[in-house]
Amino acid sequence: MSVASISRGRITSATSRYVHLLALLAAVMAPLAFANTAAALERGVLTIHTTKPLGPTLGQFSASGAFSDSGVLVTERRIVSAVPSPFGVVTHLVLRFEGQFGTFTIAAQIIETVTADPNIFANEGNWAVVDGTGAYTTLHGTGDVEGTVDDAANLITRDYVGLVHFK
């Protein structure tokens, strides 16, 4: 028997073992992959708590529920409409959430109404996910937002609550 045929036999035998091992691993892992896919398509409730000083500054967020993350809140765009108005203003926002696992961006429309305290505006509105990166590339969802703008404390506090899923 030549050295070449012995080498080929060893390579063929070793390759065969690796192929069998890979096939076994694939058979074991396949059900897990399908389970994760099914779970990712389910809708879950997401709550995002934000705080931010007034003006063009960064804020903070923490998300819980459908996923957990925290990080920096960036206001990419703010347009105010319905001015002047006896009830308050309508604020159109594009907000980017820069977390530990990626970023996601929402568009929000918020009605800010006057309260009995002239320094505090009550906030109510809705939001929708418009973009994502990293772990949030396939994030989709919509929801409601409630909060306050406190001029005296120089603080905007809002809670975004809605249903999200990953496609």
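Any read-out appearing in this document is the output of simple, stated calculations on the displayed coordinates, not a laboratory observation. Values in this document were obtained by computation on a predicted structure and should not be read as measured data. Glycine gets a Cβ as well: all are built from the backbone with ideal geometry, and neighbour counts include every protein chain shown.
Using a simple spin-label model with pseudo-atoms 7 Å out from Cα toward Cβ, Val72 and Val90 lie 3.2 nm apart. At full extension, Phe101 and Ala135 could sit 11.7 nm farther apart than now, given 0.36 nm per residue minus the alpha carbon distance.
So how much slack lies between Val161 and Ala82, counting 0.36 nm per residue of separation and subtracting their Cα-Cα distance, in nm? It would help to have the intermediate numbers written out before the result.
Numbers: separation 79, 0.36 × 79 = 28.44 nm, distance 2.48 nm.
That pair, Val161 and Ala82, stretches by 26.0 nm at full extension.
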